[in-house]
Amino acid sequence: MSVVKAFFEFCHANEWTSRNPARMVRNQRGQHNDPRSEQKLPFSDEELRRMYDACDTKYGKREIQWEKATRERTHASRYTQHRSRRTGQDIADFISVSVYTGLRISDVSTFHIYRITPDGTIQLRTTKAHTHVYTWVPQYLLIFL
């Protein structure tokens, strides 16, 4: 709508039209209609249990190769050699850090162990907003990190 309004404003300024008809149209997307402004609910205990169960039973159990050129799944080709191999426990740790700290996915994915102080406090600078954040991790989770 902003492009249409700007176009008709240009036409009206050059006296090609007698008025700007787009000025009468209201913007449909407001703060209350914007899906990005919805309150995000945390995962339920049942959803978290299903995620952790999938980490234990499904992730890393099947050999799947992603072709680098086409990004398609193939089962018959030679497997790519990666520096490290991910396991279900890695994904479970990722989920646990996300849930208990409330950090963004980008901050959890770039998380490094040296950011944890001995008392369990995490201090980092966020990727998106470039602000300093201090949070903590429960003691039992520190064992896995």
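The values are calculated or read from the model by the stated rules, or taken from the named source; none is laboratory data. If you're wondering where the values come from, they're calculated on a predicted model, not measured in any experiment. Because the Cβ atoms are built from the backbone with ideal geometry, glycine has one as well, and the counts that use them run over all protein chains shown. To get the accessible areas, we keep the full protein, side chains included, count just its heavy atoms, and leave off ligands, DNA and RNA. Shrake-Rupley method; radii C 1.70, N 1.55, O 1.52, S 1.80 Å.
Please give the number of the condition Asn14 fails out of (1) surrounded by fewer than 10 Cβ atoms within 10 Å (Cβ to Cβ); (2) at negative phi; (3) at pLDDT below 85.
(3)
Take Glu46 and tell me if it is in a helix (DSSP H, G or I), at pLDDT 85 or above and open to solvent by 80 Å² or more (accessible area, probe 1.4 Å).
Taking the combined requirement at face value, the residue satisfies it.
Return the total of residues in the range 112-127 being touching an Asp or Glu at 6+ places or on another chain (Cβ under 8 Å) and surrounded by fewer than 16 Cβ atoms within 10 Å (Cβ to Cβ).
2
When only residues in the range 88-145 that are on the phi > 0 side of the Ramachandran plot and without any contact (Cβ under 8 Å) to a residue 24 or more places away in the chain count, which is farthest from the chain's Cα centre (by Cα)?
The selected residue is Gly120.
Run down Arg29, Arg78, Arg62, Arg73 and say which single residue is modelled with pLDDT under 75, in contact with a Phe, Trp or Tyr (Cβ under 8 Å, 6 or more places away or on another chain), open to solvent by 100 Å² or more (accessible area, probe 1.4 Å) and more than 24 Å from Val97 (Cα to Cα).
Unique residue meeting the criteria: Arg73.
I need the full set of residues from the range 88-108 which are under 15 Å from Val133 (Cβ atoms) and either in a helix (DSSP H, G or I) or touching a Gly at 6+ places or on another chain (Cβ under 7 Å) (or both), in order please.
Of everything in the range 88-108, those that are under 15 Å from Val133 (Cβ atoms) and either in a helix (DSSP H, G or I) or touching a Gly at 6+ places or on another chain (Cβ under 7 Å) (or both) turn out to be Val97, Ser98, Tyr100, Thr101, Ile105, Ser106, Asp107, Val108.
Yes or no: Ser109 within 25 Å of Ala54 (Cα to Cα), at pLDDT 80 or above, out of contact with any helix residue (DSSP H, G or I) (no Cβ under 7 Å at 6 or more places or on another chain) and open to solvent by 50 Å² or more (accessible area, probe 1.4 Å)?
When the stated conditions are applied, Ser109 passes them.
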